Amino acid sequence: MSQKVLYLQSKQGAFAVGANKIPHPGHGEVLLRVTAAALNPIDWKVQAYGVIVNRYPAILGMDAAGTVEEVGAGVTGLAKGDRVITHTQYENKHAAFQQYVLAVADFTAKIPAEVSDDEGASIPLGLDTAVIGLFGSQYAGLVAPWDQPGKYGGQTIVILGGSSSVGAYAIQAARLAGFSTIIATASLRHEEYLEDLGATHVVDRQLSPSDIKIEVESITSSPVKTVYDAISTKETQETGWLLLAQGGKMVVTLGALVQPGTGDTRQVLQVSGVPYAPQNRDFSRVFWRHLEVYLEDGDILPNNIEVLPDGLRGIAEGLERLQRNEVSGAKLVARPQETL
Ligand SMILES: NC(=O)c1ccc[n+]([C@@H]2O[C@H](COP(=O)([O-])OP(=O)(O)OC[C@H]3O[C@@H](n4cnc5c(N)ncnc54)[C@H](OP(=O)(O)O)[C@@H]3O)[C@@H](O)[C@H]2O)c1
């Protein structure tokens, strides 16, 4: 049986729709009919810079939602017909930009009726990056809400880039952890949306780092011990560093561009949001076991989404929009089954 897939044909080359065999799941895997696949900045970076992927033609895509078609050996808790989301990987049988994907059961979760497949596809990479960065022991190392809900009452957290996919999930994770003051930077048109997710204050992201500091100090006098910088440009890292109290931790999603000086007790930590990374695997297995309940209870809401036209063929243009920074407060989602 054959399926349609989107190939990145060569290093820094063009995308093209092609055909490939539908695989069978191995031990610990399920075969998914992909109804929705989300686009992430990393997908355009792989094409533009030729990084991460070594074998071509390559299939990209880290986020998929769909229906279980076949269950591999050793898998419990998933059955044919289940609607699920999965954190996919850059290997041709395991990447999201195709009509059928092999999903690793450990990082696959059922979604409730309230969450559509398109919305569900926005969850895996963005949420994993937020949750691993905040609660993973290598990163901010906060106590996870499934171990102790609401531990951080009375404390403040700052999330830079609250309207990004990762930022929107970081706000919700901080709410679950109980932070009393959750300050997010974003374009102010997203204020209401971010407050619905749990931000207590939204500060205009266009302000200079020193003006953001003035705003934050007018909101709270308590020290900022945790900053999550979802954007991690030079400017946002400088802002976060300016806000971070001694002894505090700043999580960045790209390479660290600030450094503690002598006697400085602050730390900057670059998160890997990939649950397959050896340092994240055990932590992420536990988190994905809790995820179904968070989604069922409405404790984690998906990103706003925009569905792209033309199935897999619409992805190339969507990635160009992401690269040009033209997507604001939404995740782009493609429907592979609609590929002509
Ligand atoms: N380390 C990892 O494993 C990992 C995993 C996932 C993502 N990432 C990286 O993390 C970054 C974010 O990814 P994403 O998918 O969340 O991005 P995204 O959703 O595509 O980000 C778009 C949003 O960024 C906001 N933004 C842009 N510049 C900003 C600034 N200076 N201050 C505040 N907000 C700003 C925009 O906000 P407004 O619309 O409000 O203006 C827009 O809503 C990317 O660089 C990505 O490659 C890393």
- prompt: Tell me, how many Å apart are the Cα centres for the range 258-300 and for the range 37-77?
  reply: 20
Three-way shape label, the range 127-270, alpha-carbon gyration tensor, a/c 1.5: rounded
message: As a quick test, which of the pairs 45/331; 213/234; 21/45; 4/93; 213/249; 21/110 have an alpha carbon distance above 21 angstrom in this structure?
response: 21/45; 21/110
- prompt: When N counts the residues of the chain, how does its alpha-carbon radius of gyration compare numerically with 2.2 N^0.38 Å, as a ratio?
  reply: 0.98
query: Can you tell which of 247, 153, 164 lies farthest toward the positive end of the dipole of the range 109-247, using +1 and -1 charges on the Cβ of basic and acidic side chains (Lys, Arg; Asp, Glu)?
result: 247
query: Highest mean first, what order results for 174-181, 190-197 on Cβ atoms within 10 Å?
result: 174-181, 190-197
message: Probe radius 1.4 Å, ligands and nucleic acids left out: which of 257, 125 has the largest accessible area, and how do the rest follow?
response: 257, 125
- prompt: In the range 265-330, what percent of the accessible surface is made up of carbon and sulfur (1.4 Å probe, ligands and nucleic acids excluded)?
  reply: 44
- prompt: Summing +1 for each Lys or Arg and -1 for each Asp or Glu, what net charge is found among the other residues whose Cβ lies under 14 Å from the Cβ of residue 81?
  reply: 0
query: Once label points are set 7 Å from the Cα along Cα→Cβ at both residue 310 and residue 215, what is their separation, rounded to one decimal in nm?
result: 3.7
message: For the ranges 301-313, 321-333, what's the packing order if you count other beta-carbon atoms within 10 Å of each residue, average per peptide, and put the highest first?
response: 301-313, 321-333
- prompt: Between the range 142-172 and the range 181-198, what's the alpha-carbon centroid distance in Å?
  reply: 13
message: As a test of reading the structure, rank 272, 232 by solvent-accessible area (1.4 Å probe, protein chains only), most first.
response: 272, 232
- request: Using Cα pairs closer than 8 Å and at least 6 residues apart in sequence, work out the relative contact order for the chain, in percent.
  value: 18
statement: Burial-style ranking of 39-48, 144-153, 101-110, 273-282, average other-beta-carbon count within 10 Å with highest first, yields 101-110, 39-48, 273-282, 144-153
message: I need to check one value: relative contact order of the range 127-270, counting alpha carbon pairs closer than 8 Å and at least 6 residues apart, in percent.
response: 21
message: Under 19 Å from a point placed 7 Å out from the Cα of residue 24 along the Cα-to-Cβ direction: which residues of the range 56-99 have their backbone N that close?
response: 68-76, 79-81, 93-94
Residue-span extension gain [residue 257 to residue 70] - 0.36 nm each, minus C-alpha spacing: 62.8 nm
55, 189, reordered so the largest accessible area comes first (probe 1.4 Å): 55, 189
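The values are calculated or read from the model by the stated rules, or taken from the named source; none is laboratory data. Treat the numbers as computed from the prediction; the structure is a model and nothing was measured. So basically every Cβ, Gly included, is an ideal-geometry build from the backbone, and we count neighbours across all protein chains shown. Heavy atoms of the whole protein, side chains included, go into the accessibility calculation; ligands, DNA and RNA do not. Shrake-Rupley method; radii C 1.70, N 1.55, O 1.52, S 1.80 Å.
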